[in-house]
Structure formats: C-alpha cells, structure tokens
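To keep things clear, I will list the structure first and then write my remarks on it.
The values are calculated or read from the model by the stated rules, or taken from the named source; none is laboratory data. If you're wondering where the values come from, they're calculated on a predicted model, not measured in any experiment. Using ideal geometry, Cβ is built from the backbone for each residue, glycine included, and neighbour counts are taken over all protein chains shown. To get the accessible areas, we keep the full protein, side chains included, count just its heavy atoms, and leave off ligands, DNA and RNA. Shrake-Rupley method; radii C 1.70, N 1.55, O 1.52, S 1.80 Å.
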Amino acid sequence: MLIKGLDSRLCGNDKPYKVVMEHAHLLSTIEAQLYRYAERTAIDFDNTHISHGQVLDKFSALAERLAALDLRPQAHVGVFMERSPEVLLCLLALWKIGAVYIPLDPDLPLARLRFICEDADLDLILTQVALQEKISSLCIRQVALYPVDFAIDDSRTRLREPSRACLDLNNTAYILYTSGTTGIPKGVEIQHRGLAFVLHAILDLLDITEQEIIAGIASFSFDISFFELLLPLMTGARLVLFSQSGHKDPQVLAAAIEDKKISLIQATPTLWQLLIRHDWNPAHRALKAIATGEALPFKLAADITVRNTRLWNLYGPTECTIWATAREVTPAVAASHDSSCVSIGRALATCELHVLKASGQEAAADEKGELCIGGPALALGYYGKPALTQEKFINLASSASPAQKVYKTGDLCSRNHAGELFFHGRIDNQVKLNGYRIEPEEIEQQLEQHPSIAQAIVKPIRIGSSRLEILAAWVCPRKGSPNKSAGSLNAFLQGSLPAYMLPERYFFIEHMPMSATGKKDRQALFAPPVLRRQQQISAGEEDDVAILASLVCEILDLPEIGSQDSFFDVGGNSMLAATLLLAVNTRFGTAISLREMLSTPPTLDSISRMLGKLQANSEQVLYHRSGEGRTPGHL
C-alpha cells in the first residue's frame, strides 16, 4: 500500500502543498533497504558491528517466533529492555506481525510501570532474562528473551527477502506515555501513516544518505528515538548506539563524535552546552547537528555553528509525531541576535500550523497566541481517554480545510511577517528540562499524598554558575507533622515517579501563597536562603575536600555542604554532575569519567578519596619511570 503525502520542503505560508508524493509503508521501505545494503554495517554498539542483512534476518526470525504466540490483531506489546540493538529488533518484529510497540523504561519505578501496563491494556511484555525479576509481580504474559535469541552467527545467517505483505497504514505504530496534569501519565497513540510522513520529511530536509553515521543517544521512551533508530535502516546508513552509561555523558559523546566519525547527532540545548564546555570541536568533517527539546539561545547556536557544523532547530510535541517545525540556523542567523532564542521555523510538510488567540481567531503577525497543529502526522489521541482527547484535539474550521482536527499544544507562539514561528513559553505550567516533558501538577499531587505535606508547588529555577535549570518544590507541612527532609520526600516520590521528575531543591514554607481566586499563586513564590548544613566545610581551607566543597557550592548555589552529603541530595542531577566533573578535572588536572565519579554516591569524601588514589597512582608511575627501586622482572 502507498500513502500520499506532501512535498517535504519547508513551506513559508504554512498552507498544504500542491505537490503530491507517495511513500510505501515504513516497514516495507526498511526491509527493502536492509536487503539492498545487506553487507554494510547497520549498528555499532559497544564495538559490536551488525550488518543491515543481519538486522533483516534477526528481526524476521523473531517475528516468526512472536507470530506463533497467536496474539490478537494490533496487540499491545511492552518492550522492557536495557539500551541495546535488541530493542530495535523487537520493534521491527512487532510491526511485522501487526502489533503495537510500547517502550517500558527499566529505570521507572514499579508503581509507574504497573500503571502503564494496565492503562495500555498490554497483551504481552518482551523482556530480558536479567530484568525479569523486577516485573515478576505484574500479572501480564511475559516472554524473556535470552542473548542467544539475538545471537548473530555469520555461518548460519540466511538473508531473507523483504516481505510483500504490507500493514494497514491507519494502524497504531506505537504508544508513548508522557506526564499528565491530572496526576497520572497519558499514552499518546501514533499511526504508521504519521510516522512515515515525518521520517521521510526529515530524511529529505537533512539530505541523509547511506554515508551518514548517526548517533543514537535518545531514551527509548522518547519519540526522537524513532528518528535515530529508523533513519539509518531507511537509507543504508550506520547507527552508533550508545549504551546505558554513555548516552548522557558529554565526555563520552565528545570523544565518540571524533572516534566514530559521527556525522549526525541530535541533542537538547542543555547537552549541547555541556559538550561545548567539554571542549568538543569536530575536526574530521562537517557535522549535522540538531537542537531539540528546549528553546535554543542565540549564543549557544553561535557556539555550535562556529564548529564546522550545520545546525537545525527542530520543534514538535509527541502528539504531532516527533517534529512539526524546522529552522536551519546558519552562522549569519546565529549571529543576528534579533530575539533571545532562535526561531522554531516553519512547518514541516506533515503539519499545518495555526496561532490562535483566546477568541479562537487566527493571530496577526507578531501577535501571540496558542500554537495549534494539524496535518497527517497528528496522533490519534490519548489511548483510553476520550474526554482528554476531545479537550486537546479539537475541530478547527477554516477556509482551507473545513473541520480540520488540530492539537492544542499549550505553547505560546507568534509568527513574524516572514512566516517564522517564535516560542514565548507556555499558557499552562508544563516545563521542559533536558528534553523531558514534565507536568508539575503530577509531582505536586504525589507530594500532597504524603501524610506530612499539606500543599506543594513545583517549578524550575536556575541555579549556580552553570545557570542550568532544576526542579524546585515549595512545600507547606501539615500542622503538628514532624519535619521531613528533601531526601525523605524524594524517597517517597521514587515509588511512583521517574528520577527526572524528582525535585532537586526543596523549600519549606509555613503558608502557601494564594491568588484572589483561591488558587496557588506560583508567581508569588521566591527562593528562600538555603539553610546552613551540618558538617559544614569552610571555604578557607586548602585541602581537597574544601576545594571540592567550593566547586559544588558554586555550581549548586549552596552556602555550605557537608562532607557526607550526596551531590544528588543537595540539588544535583546528571547534567549538573557533568558540570561538576569538568570543574574537578580542570582544577585537579585529572581525567575522571562521569561513570567513575557516580559509581558510588558522589560525596565530597568519596570524590576526594578517588582523587587521592589517582594522585598516588600518578606518583607511583613517576617513581618507576625514574628507574629507582626497580626489581628484576619489573618493567
């Protein structure tokens, strides 16, 4: 079956294109390309290379095994696996048998996993033997796949010709769960049709060929992972898939961009900023760079483009299938500084954009309004939530397309006279931190379920010399309740929320500010001084612990810190840990990796001990190199 699409060039007036193009079903395209480029490397993972032909053979064999399970049409199947090529093989195998792919992040707390499994009506969970125990309590049929199920034996591999059968393009391809204002996650349901449209549009926009080497760093719970995983298979290109420990480490990424000769990588502005701080400077070739997930400041765009890099700023909510708009940021544009952040561009071929005022009328040029997105890549809605779907996906009558369905993004935008879109924030409280979409109300409702907490407000704040944003919580304890620490409250939240939704700074207040209408007044909140801590370290001392204390306090905006305080318990997160790592290595002349620093709870004492061992080893090496004290057979 073929689908009729729109020309994938960007459109200045955001009206539907007249040029018609056709695409085969995405799986058919992938199978044909895997067969065509059978001998080329498709996946590089932990220095293991898998060819396109081997991908085709392995996922086809897995599909035959899954087909024998006699699943219902459009069965909902969760994939509960660590980062590995096996996830991609499972995705393709599920599509080949007509099932719906639902990623389940192993880092999620069990309560949240249980909710997603029940809410999505899962028929089956595919998992790895090593992870089986964590979900053994879930009353859902499970298949644990052994490494041998994915083993690649060149002597036995038989290349399978692409199947001629084609799935219904109106079927659901995947369901992704996002944070919800009601206190519970919601599943966004995406069709095969929409995914094919977007990937073909991006393929043409970035001019991706079989020579491309694409970095795979996105979480498999993000829709951006489909771009990273599938584009190489659609073109004969190579995917460099980063492991669980490496996909968020700027040190590892900066080195791999050079070592692996990566030519295309997407990252949030936060991660791009950290890469630049870690002296990333591509030398081997011009790099194609995508900034996405957060607003892109002009200063950062300029820092990226001066590094022999072509840069695109891409924007799009999950409900519109990965991306909806694009803007190439040339060095001239990056240097223009005509606003605080780079434009999010114009609509991709998959979308029609509307900027609507509160009255429902289209906003004039330079007038702000809510961005609403329509087009063939629009989600079906929220699985099992018809009322919420009806609220967010509305019918918009216009002269161009009567009764067109559009998604109300909640993003406040404007369009200049040239048709460029600019982002001005949210009309609600939703935030984006390092690409994660977070509804603060969900965290607040969980906090208010704690027996000691009466009310809570959560919102981001900028801290320290890094100027990175973190989540902060203002909590009002119940009268007579014992005092609770930030650590104890996060321990409570860990039972239901993922790590990226845990507040990194708590402020305890006696009274919650309220508006005239009786609602919590978020704008009236302020950041009170951080309480002084026990086991305080004086900044005047000159030992390693005191120097580390000074670095941590500067990064996290703390007056003092205890030698046994975990970096994460006093307001740190993985991005801030990368900033601390850079400061430590610069100050002490070391080469500690992020993985090493976080191998134990990172306290001043633990990092100091690590530094001491490195210094001792360094002295020992110098001692032996001098030739003194050398024993026979000792080189």
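For Arg595 and Leu69, what is the calculated FRET efficiency with R₀ set at 51 Å and r taken between the beta-carbons, to the nearest 0.05? According to the calculation, E is roughly 0.85. Computed extension length for Ser243-Asp428: 63.1 nm, one decimal, from 0.36 nm per residue of separation with the Cα-Cα distance subtracted. When you count the other C-beta atoms within 10 angstrom of each residue and take the mean per peptide, 257-268, 353-364 line up highest first as 257-268, 353-364. Where only DSSP H runs of four or more residues are counted, the chain gives -8500 deg cm²/dmol as its mean residue ellipticity at 222 nm, each run worth -39500 (n - 2.57).
Beta-bridge orientation, the chain: approximately 60 percent antiparallel, per DSSP, counting only bridges with both partners inside.
What does the charge count around Gln446 come to, taking other residues whose C-beta lies under 12 Å from its C-beta (Lys +1, Arg +1, Asp -1, Glu -1)? Summing Lys and Arg as +1 and Asp and Glu as -1 gives -4.
In segment 259-384, Cα pairs under 8 Å separated by at least six residues give a relative contact order of 19 percent. Extension gain for Gln449-Thr586 works out to 45.0 nm (0.36 nm per residue, less the C-alpha to C-alpha distance). For the chain, the solvent-accessible area works out to 43 Å² per residue, with a probe of 1.4 Å and every protein chain left in place. Each Lys or Arg adds one and each Asp or Glu takes one away; over the other residues whose Cβ falls under 14 Å from the Cβ of Gly425, this sums to 0.
Backbone phi angles across segment 92-102, fed through the Karplus curve with coefficients 6.51, -1.76 and 1.60 (θ = phi - 60°), yield HN-Hα couplings of 5, 5, 5, 5, 5, 9, x, 8, 9, 8, 10 Hz in residue order; Gly and Pro are listed as x.
Residues whose amide H comes within less than 5 Å of that of Gly425, counting only those at least five positions distant or on another chain, are Leu412 (H built at 1.01 Å from N in the peptide plane). Contact order for the chain, expressed relative to its length and based on alpha carbon pairs under 8 Å spaced 6+ residues apart, stands at 11 percent. When a 1.4 Å probe is rolled over the protein heavy atoms, the share of accessible surface on segment 258-345 that falls to carbon and sulfur comes to 52 percent.
Amide H contacts of Tyr174 (H built 1.01 Å from N, in plane; Pro and chain starts excluded): Tyr101, Ile190 sit under 5 Å, all sequence-distant by 5 or more or on other chains.
Which residue, Ala291, Leu525, Cys372, has the largest displacement toward the positive end of the dipole of the chain when charges sit on each Cβ (Lys, Arg +1; Asp, Glu -1)? Of Ala291, Leu525, Cys372, it is Cys372. Close amide H partners of Leu433, meaning residues 5 or more places away or on another chain with modelled amide H under 5 Å apart, are Ile438. Its relative contact order, with pairs defined as Cα atoms under 8 Å and 6+ residues apart, puts segment 159-271 at 21 percent. A crude spin-label estimate for the pair Glu554 and Ala130, with each label 7 Å from Cα along the Cβ direction, gives 3.8 nm.
Each residue, Ala516 and Arg437, gets one label point 7 Å from its Cα in the Cβ direction; the gap between the two is 3.4 nm.
Label positions at His49 and Ala364, each projected 7 Å from the Cα along the C-beta direction, are separated by 6.2 nm. Using the Karplus relation 6.51 cos²θ - 1.76 cosθ + 1.60 with θ = phi - 60°, the per-residue 3J(HN,Hα) values for segment 341-358 come to 10, 5, 4, 8, x, 10, 5, 5, 4, 7, 10, 10, 9, 9, 10, 10, 6, 4 Hz, with x marking Gly and Pro. The phi-based Karplus calculation (6.51 cos²θ - 1.76 cosθ + 1.60; θ = phi - 60°) puts the 3J(HN,Hα) values of segment 566-574 at 5, 3, 6, 7, 10, x, x, 9, 5 Hz, whole numbers, x for Gly and Pro. When the alpha carbon coordinates of the chain are projected onto the principal axes, the ranges are 79, 71, 57 Å, largest first.
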